[in-house]
Amino acid sequence: MDRITLVGLNTSVISNNQKTLARLSTYQEQLSTGKKLNRISDDVVAARQSLRYRADENATGKYLDNIDKSLAYMGATDTA
């Protein structure tokens, strides 16, 4: 069995603490902003889906605006 040196043990503990603090920081940021994605690098796949959904939502909004304008135009031409 290998001997575990005190320096090696300290290095391991410090490394684990740093990883834990990094995760804690990420969770605190998510809680404070209310968003799971604060940067694209947080989750690339989810960020891409989110951007796609936003683009689809914008396109749908424009489509609905065009329908409203067309109906208004049709109503105006019917009464004239």
> Per-residue HN-Hα couplings for segment 14-25, Karplus 6.51 cos²θ - 1.76 cosθ + 1.60 at θ = phi - 60°, whole Hz, x for Gly and Pro?
Replying inline: 5, 4, 5, 5, 5, 5, 5, 5, 5, 5, 4, 4
> Exposure proxy check: 26, 79 ranked by fewest other beta carbons within 10 Å?
Replying inline: 79, 26
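Could you compute the FRET efficiency for residue 12 and residue 57, with r as their C-beta to C-beta distance and R0 at 30 Å, rounded to 0.05?
Values: r = 48 Å, r/R0 = 1.59.
Plugging the Cβ-Cβ distance into 1/(1 + (r/R0)^6) gives 0.05.
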>> Given a 10 angstrom Cα cut-off, can you work out which residue in 65, 43, 56 is the most mobile in a GNM of the chain?
In response: 65
> Whole-Hz Karplus ³J(HN,Hα) for segment 32-39, in order, using 6.51 cos²θ - 1.76 cosθ + 1.60 and θ = phi - 60°, x for Gly and Pro?
Replying inline: 6, 8, x, 10, 7, 10, 9, 9
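Given 0.36 nm per residue, what is the gain on full extension from residue 43 to residue 79 after removing their alpha carbon distance, in nm? Show your work: numbers first, answer last.
On the way: separation 36, 0.36 × 36 = 12.96 nm, distance 5.42 nm.
Using 0.36 nm per residue and subtracting the Cα-Cα distance, I get 7.5 nm.
Where does the charge balance sit around residue 29 when Lys and Arg score +1, Asp and Glu -1, over other residues with C-beta under 15 Å from its C-beta?
On the way: positive: 23, 35, 36, 39; negative: 42, 43.
Value of the local net charge: +2.
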>> Using a Cα-Cα cut-off of under 21 Å, which lysines could be cross-linked to residue 36, ignoring same-chain neighbours fewer than 8 residues away?
In response: 19
> Which whole-Hz couplings ³J(HN,Hα) result when phi for each residue of segment 44-56 is put into the Karplus expression 6.51 cos²θ - 1.76 cosθ + 1.60, θ = phi - 60°, listed in order with x for Gly and Pro?
Replying inline: 4, 5, 5, 5, 5, 4, 4, 5, 5, 4, 5, 5, 5
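Coordinate-derived values only; no laboratory data. Values in this document were obtained by computation on a predicted structure and should not be read as measured data. Here the Cβ is made from the backbone with ideal geometry for all residues, glycine too, and neighbour counts use every protein chain on show.
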